[in-house]
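Read the structure below first, then the notes.
The values are calculated or read from the model by the stated rules, or taken from the named source; none is laboratory data. What you are looking at is a predicted structure, and each value in this text was computed from that prediction instead of being measured. A quick note on method: Cβ atoms are made from the backbone with ideal geometry, for glycine too, and the neighbour counts reach across all protein chains shown.
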Amino acid sequence: MYKNFKINFEEFGIKTKQFNNPTKGFIKEKFEDFKVKELSIKPKEEKEGTYAYFTLKKTNWTTMDAIGRIAKLCHASWKRFSFAGTKDRSAVTEQLASAKGISIEALKAVKIKGIELSDFFQSNEPLRLGSLKGNEFEITVRNYECKNIKKSLEEFKEFLKKGVLNYFGEQRFGIQRPNNHVIGKLILRQEYEEALKELLAKTYEFEGEQSSKARQYLNDNWKDWKGALENFPKYLTIERMILNHLEKHPNDYVNSIRKLPRNIAKILVYSYQSYLFNLALSELYEKGLINDFELALVGHESDLKKMGCAIYEKMLEKEGITLSDFKVSSYPEMSSKGGMRKAIIYPQNFKILEIKKDYYTISFEMEKSAYATIILRELIG
């Protein structure tokens, strides 16, 4: 699916395929091959509103990095900025964002390569995470191998009407470093030194050479925090922040993990929940037990007697995890009560926009929290 990265979906608990006539091919060879437009829930416009709203269009930026750069140019804390959902780096994306107590004039003055701000207005309503309807995708697949491409795409359009398993996609776990869920599990088990080894010192095939060398040094010289700092490149800012703490407090592993920004640390635990969800969904599908219901994202308040949830009991035993582990006494901020997630999703408005000899372009809409790459995994194979 990616030309430069081989994704082993089974590592993320994704063990099934539903569509039998894939086109093959690659996505994200160019930024403009993957376009995402947020289907926003816009607040009421008010001329003297506390919040300045704007459309953030970005290319080759994560949402967090883009917001951080905008905040810096506005001489303001990034905490003043809000957005409804994060968007891919390797794409052209548009989303609603807001800034509290920052003037529209200051935002209009922002000039950053790969970032455009537009459609400014004010409101007194705050923008909250999750306040969106969904996302619209326009995607180009290159170097497909299917001989009758139009037939395959028409079959896929019909296939989508029956629904697709609502797996968490590879972005949840990491593409270059696919270990978010591994670290999350270690945090839940309160094995902080092992979590740090995975976070700092484990190397993966598709990350950069400089990063790999630095991590390998630390793996071979564990606890040489000073030497690690000399080797870790400056762009690994979070890792360096942790290493700085370890140099001053060599065995303070739990507070070293606390140096992670909270939203990133929470993603690690959420990733492990997502891994368990994917495993459960795979097993339910293989047993022919999938229906249009909600399945648990397990946490310390989960009720495993709900439909489909009994499958977690043996799985958790095998993983060496209990529901109570999701209440992390030594790091309460990482605790998770759990929740529910749809087992099946129904992409809407699938369109074939263009078919050429070496590429095709499609578009479709997805509800929030669903992954377009999971749909593309079915289509591309």
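Out of the helices (runs of 4 or more DSSP H) lying entirely within segment 141-230, which hold 3 or more residues that are touching a helix residue (DSSP H, G or I) at 6+ places or on another chain (Cβ under 7 Å)? Before you say what the answer is, go through the steps one by one.
On the way: elements: 149-161, 180-188, 192-196, 209-220.
Those helices (runs of 4 or more DSSP H) span 180-188, 192-196, 209-220.
Before we move on, is Tyr144 buried (at least 17 other Cβ atoms within 10 Å of the Cβ) and within 29 Å of Met340 (Cα to Cα)? Steps first, please.
Values: buried (at least 17 other Cβ atoms within 10 Å of the Cβ): yes; within 29 Å of Met340 (Cα to Cα): no.
Answer is no for this residue.
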Of Leu153, Leu218, Leu236, Leu199, the only residue that is within 20 Å of the chain's Cα centre (by Cα) and buried (at least 19 other Cβ atoms within 10 Å of the Cβ) is Leu199
(Q) Quick check on Leu160: is it of a type in the set (A, V, I, L, M) and either in the same structural domain as Tyr204 (by TED's automatic domain parsing) or more than 26 Å from Leu279 (Cα to Cα) (or both)? (A) no
Are any of the residues in segment 193-208 modelled with pLDDT under 95 and farther than 27 Å from Leu276 by Cβ? yes
Residues in segment 40-68 that are part of a strand (DSSP E or B) and modelled with pLDDT of 95 or more total 9
Scanning segment 85-105 for residues that are in a loop (DSSP other than H, G, I, E, B) and touching a residue at least 60 places away in the same chain (Cβ under 8 Å), the one farthest from Arg172 (Cα to Cα) turns out to be Ala91
Per the filter on segment 293-342, residues closer than 16 Å to Leu281 by Cα and among the β-branched types (Val, Ile, Thr) are Val298, Ile311
The residue that is farthest from Ala214 (Cα to Cα), considering only those in segment 167-189 that are modelled with pLDDT under 95 and of a type in the set (S, T, N, Q), is Gln171
Selection from segment 108-117 of residues touching a helix residue (DSSP H, G or I) at 6+ places or on another chain (Cβ under 9 Å) and within 14 Å of Lys58 (Cβ to Cβ) yields Val110, Lys111, Ile112, Gly114, Ile115, Leu117
Yes or no: Glu286 of a type in the set (Asp, Glu) and touching a residue at least 60 places away in the same chain (Cβ under 8 Å)? yes
Original post:
Quick check: is even one residue across segment 252-272 buried (at least 20 other Cβ atoms within 10 Å of the Cβ), over 22 Å from Ile321 (Cβ atoms) and small (Gly, Ala, Ser)?
Top reply: yes
